[in-house]
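The values are calculated or read from the model by the stated rules, or taken from the named source; none is laboratory data. All values reported here derive from a predicted model rather than from experimental measurement. Here the Cβ positions follow ideal geometry from the backbone for every residue, glycine too, while neighbour counts run over all protein chains shown. Accessible surface areas use protein heavy atoms only, side chains included; no ligands, DNA or RNA. Shrake-Rupley method; radii C 1.70, N 1.55, O 1.52, S 1.80 Å.
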Amino acid sequence: MLHLTAEEESWLAGKAGPAVQRAMEIVVALGRIYGATHLIPVRRVQISGVSYRNLGAAGLDFLTRWLEEGARVRAATTLNPTAMDLRDWAAQRIPPHFAARQHQVVATFARMGVGSGHPIPTCTPYLMGHRPAFGEHIAWAESSAVAYANSVLGARTNREGGPGAIAAAIVGRTAAYGLHLPANRRATLRVTLRARPRTVADFSALGAWVGQIARRAVPYFENLPLADDPLREEKLKALGAAMAATGAVALFHVEGVTPEAKRAPMLAPDARRVVVDDLTAGYTMLDETTEAVDLVWVGCPHASPAEIALVADAVAGRHLRLPLWITCARPVKEAAQARGLAATIEAAGGHLFADACLAIAPVRTMGFRAVATPSAKGAFYLRNLAGVVAHFGSLERCVEAALTGRWT
Ligand code: F3S
């Protein structure tokens, strides 16, 4: 039985207006479906479902009506990527009529108070200073950010749906179920590694393989080589994103590395066990067999400064035959410009785009049919959402494709 406070009851009864009432109805419905006993206050929310390609006219209409009813966010709310760079969209070959609608979507969220009226669309809010504390309850929607927040930061969130996250932002509440409850945070899949992942793409391949085995389980990785690794956060980001894509993993633990696993035994005694002997299967399951490739995409999840530096190193002084696009948050792009990394990448023929995610862009309308990426999540969604040929391989292999125009 879901118990509401007097204030929450009054919101549900419409005393704070129709926008809050609509939001409460969604939060309460979710609570009842999942058997929550109460709601939890949340001070941070992240909204997904921002691409006009996915929302369409009906979705934009729904948002606009909610705004006109008085929808304003109460929590500090961030926005997932859109389908395009909000400033440099023409260079992405985005049709003007689509760009106009995408701008309208972002303006609607801005008027609701998302990003304090100036949203910075990104799937890596934690790289932008939005880092919830250990044990903090939040309501985030982007699957890779959810995996990161739960696992690497030790925060507590379920994977919110699009309207559910907006509703949580408006009322500053989420229902107490799932990963908000300590009992559901113990690992139910023990992963023993005989393989030795080294690069960020290797961690993505590992995640792709484990995700499809884990499905909704909570994996616990033993002997993952991450101690003193300068790219540790990038590797954990890639691992969680891939497991969230090929499975529905929203939380994982790494022995001796992630915060909950450091503080308490997190492995359930009856956990299933899986042994990963090598990473080949993780790479090949998301790589198609054709040679065709006409775009290389790095930055899924959005690239960190260190990842942009890796690309700059790989392409410095070279001449790319194919476009190589890096997606990242706008402040990360600006930092890369200030450090000269963007200039190095652009001199080779690459480009940095802010605000954008290719998996939710109208990729075929933009003229691309085959895309190579060192991200398992990127390859998974390019194939399943964008409907293009996807190649998944190491960063070196992707750069090689950009240099030669072929996936070998
Ligand atoms: Fe981010 Fe899009 Fe990848 S939202 S995690 S860049 S699929």
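General remarks:
- Boolean, V50 is within 16 Å of the ligand (Cβ to nearest atom), of a type in the set (V, I, T) and assigned to a loop (DSSP other than H, G, I, E, B): yes
- Per the listing V275, V293, V257, the residue uniquely part of a strand (DSSP E or B) and away from the ligand (no atom under 16 Å from the Cβ) is V275.
- Filter pass, A271 being in contact with a Leu (Cβ under 7 Å, 6 or more places away or on another chain), closer than 16 Å to N184 by Cβ and either buried (at least 16 other Cβ atoms within 10 Å of the Cβ) or modelled with pLDDT of 95 or more (or both): yes
- Of the residues making up segment 59-69, those that are open to solvent by 20 Å² or more (accessible area, probe 1.4 Å) and either under 18 Å from E142 (Cβ atoms) or part of a helix (DSSP H, G or I) (or both) are D61, F62, T64, R65, E68.
- Residue in segment 206-228 that is free of Cβ contacts under 8 Å to residues at least 24 places away in the same chain, open to solvent by 20 Å² or more (accessible area, probe 1.4 Å) and farther than 22 Å from M24 by Cβ present: yes
- Restricted to segment 1-58, and to residues there that are more than 30 Å from A99 (Cβ to Cβ) and aromatic (F, W, Y), the residue that is most open to solvent (accessible area, probe 1.4 Å) is Y34.
- Segment 297-317, residues that are away from the ligand (no atom under 16 Å from the Cβ) and closer than 20 Å to V371 by Cβ: L310, A314, V315
- Residues (over 11 Å from the mean Cα position of the chain (by Cα) and open to solvent by less than 30 Å² (accessible area, probe 1.4 Å)) located in segment 122-155: P132, G135, E136, I138, A139, N150, S151, V152, L153, G154, A155
- Applying the criterion of at least 2 residues that are more than 17 Å from A245 (Cα to Cα) and without any contact (Cβ under 8 Å) to a residue 60 or more places away in the chain to the strands (runs of 3 or more DSSP E) found wholly in segment 344-408 leaves 350-354.
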